[in-house]
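Beneath this line is the structure, given in structure tokens, with notes to follow.
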Amino acid sequence: METVLLTNAVGRVRRERLNGREYVVAPVSMIVPGVLNGSKGRLFYSPQETSRNVDAWNGVPLTDGHPLDDAGNPISARSPEASKSHLGVVYAANYQNKLVAEGWVDVELAKKSDRGKAILNKLDAGQRIELSTGLFTNNVKAPP
């Protein structure tokens, strides 16, 4: 299983309030079809695979690094143990020749860590950043 997805914040960043909390909202480009590098090396992401189950990305937590359990093992960002590393959530996932969405970064949560503060500063400055939202894949080896 592949467990990393790099997300690039692109476009205009805005501030929103939701349920009494302040968020920095940034458009993100999550997966562009093609060959991408990951922890298992180079993998091909077809347009068909990239556009499948787009709505499943809504509600995926944005985390401060890759979540780990108490023993240091990688865990899903959706697991209860990972909630201590949450910085926000993915909303408005859709497919426009690539998988795109909005990253909603909770300002209060982000201010609790150095990495979270750096993310807020970069977003406010309009800089491109990379975040991990979690991606699990079943890989099939390509024929020679």
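The values are calculated or read from the model by the stated rules, or taken from the named source; none is laboratory data. Values in this document were obtained by computation on a predicted structure and should not be read as measured data. Every residue, glycine among them, receives a Cβ derived from its backbone with ideal geometry; neighbour counts consider all protein chains shown. Surface areas here come from the heavy atoms of the whole protein model, side chains and all, with no ligands, DNA or RNA. Shrake-Rupley method; radii C 1.70, N 1.55, O 1.52, S 1.80 Å.
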>> Suppose we filter region 19-40 for residues that are open to solvent by 30 Å² or more (accessible area, probe 1.4 Å) and either at pLDDT below 85 or out of contact with any helix residue (DSSP H, G or I) (no Cβ under 7 Å at 6 or more places or on another chain) (or both); how many remain?
In response: 10
> From the set of residues in region 77-104 that are assigned to a helix (DSSP H, G or I) and either in contact with a helix residue (DSSP H, G or I) (Cβ under 9 Å, 6 or more places away or on another chain) or charged (D, E, K, R) (or both), which is most open to solvent (accessible area, probe 1.4 Å)?
Replying inline: Lys84
> Pairs, please: C-beta under 6 Å, at least 6 apart or cross-chain, first residue farther than 16 Å from Pro143 by Cα and in region 28-45, second open to solvent by 30 Å² or more (accessible area, probe 1.4 Å) and among the basic types (Lys, Arg)?
Replying inline: Ser29/Lys98; Val32/Lys98
> Which number in (1) under 15 Å from Tyr23 (Cα atoms); (2) open to solvent by less than 100 Å² (accessible area, probe 1.4 Å) marks the one condition that Asn121 misses?
Replying inline: (2)
> Is there a residue in region 72-85 that is of a type in the set (Val, Ile, Thr) and modelled with pLDDT under 90?
Replying inline: yes
> Among the residues of region 38-45, is there at least one that is closer than 30 Å to Leu109 by Cα and part of a strand (DSSP E or B)?
Replying inline: yes
> Does Glu49 qualify as being closer than 21 Å to Ile129 by Cα, open to solvent by 40 Å² or more (accessible area, probe 1.4 Å) and either in a strand (DSSP E or B) or not hydrophobic (A, V, I, L, M, F, W, C) (or both)?
Replying inline: no
> Would you pick out the residues in region 56-76 that are part of a loop (DSSP other than H, G, I, E, B) and at negative phi?
Replying inline: Asn58, Val60, Asp64, His66, Pro67, Asp69, Asp70, Ala71, Asn73, Ile75, Ser76
> Looking at this structure, is Leu62 over 14 Å from the mean Cα position of the chain (by Cα) and either surrounded by 14 or more Cβ atoms within 10 Å (Cβ to Cβ) or more than 17 Å from Ala93 (Cβ to Cβ) (or both)?
Replying inline: no
>> I'd like to know if region 66-76 contains one or more residues that are among the hydrophobic types (A, V, I, L, M, F, W, C), open to solvent by less than 70 Å² (accessible area, probe 1.4 Å) and closer than 24 Å to Arg12 by Cβ.
In response: no
>> Give all pairs with beta carbons closer than 7 Å in which a residue from region 105-132 that is outside any helix (DSSP H, G or I) and at pLDDT 90 or above meets a residue that is open to solvent by 20 Å² or more (accessible area, probe 1.4 Å) and among the acidic types (Asp, Glu); count only pairs at least 6 apart in sequence or on separate chains.
In response: Ser113/Asp64
> Before we move on, is Arg52 of a type outside the set (Ser, Thr, Tyr) and in contact with a strand residue (DSSP E or B) (Cβ under 8 Å, 6 or more places away or on another chain)?
Replying inline: no
